[in-house]
1. Tell me yes or no: at least one residue of the range 61-84 is modelled with pLDDT under 65 and at positive phi.
2. Quick test of your reading of the structure: residue 39 fulfils all but one of (1) surrounded by 13 or more Cβ atoms within 10 Å (Cβ to Cβ); (2) modelled with pLDDT under 80. Name the failing condition by number.
3. Among the numbered criteria (1) modelled with pLDDT under 85; (2) surrounded by 15 or more Cβ atoms within 10 Å (Cβ to Cβ), which single criterion is violated by residue 3?
Amino acid sequence: MRQMFEQRLEQGERLIDDAREHVPEIAQGPSLDAVLIAATQKTEHYCIAAWGTAKSLGQATGQSGNRSRKGSGSGRRVNSEFFD
């Protein structure tokens, strides 16, 4: 299960890398704003789905513990990397 979570983290980071690659191609203004919002939403939705899946798998396999705090910390790390 840990390997699956790590793979999902890598995939989320690829979404960020993709946005970073294309953002410089767009002039500042409303179009860039729309692209940044879309990229952020895409990444957030992906991460939320990944964390929800991990939680459901943990519950289905009888694993206990509060893992959501670790996940939300990862989300803040990803957000700070994207916006720094």
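The values are calculated or read from the model by the stated rules, or taken from the named source; none is laboratory data. All values derive from a computational prediction rather than experimental measurement. So basically every Cβ, Gly included, is an ideal-geometry build from the backbone, and we count neighbours across all protein chains shown.
1. Yes: the range 61-84 contains one or more residues that are modelled with pLDDT under 65 and at positive phi.
2. The single condition residue 39 does not satisfy is (2).
3. (2)
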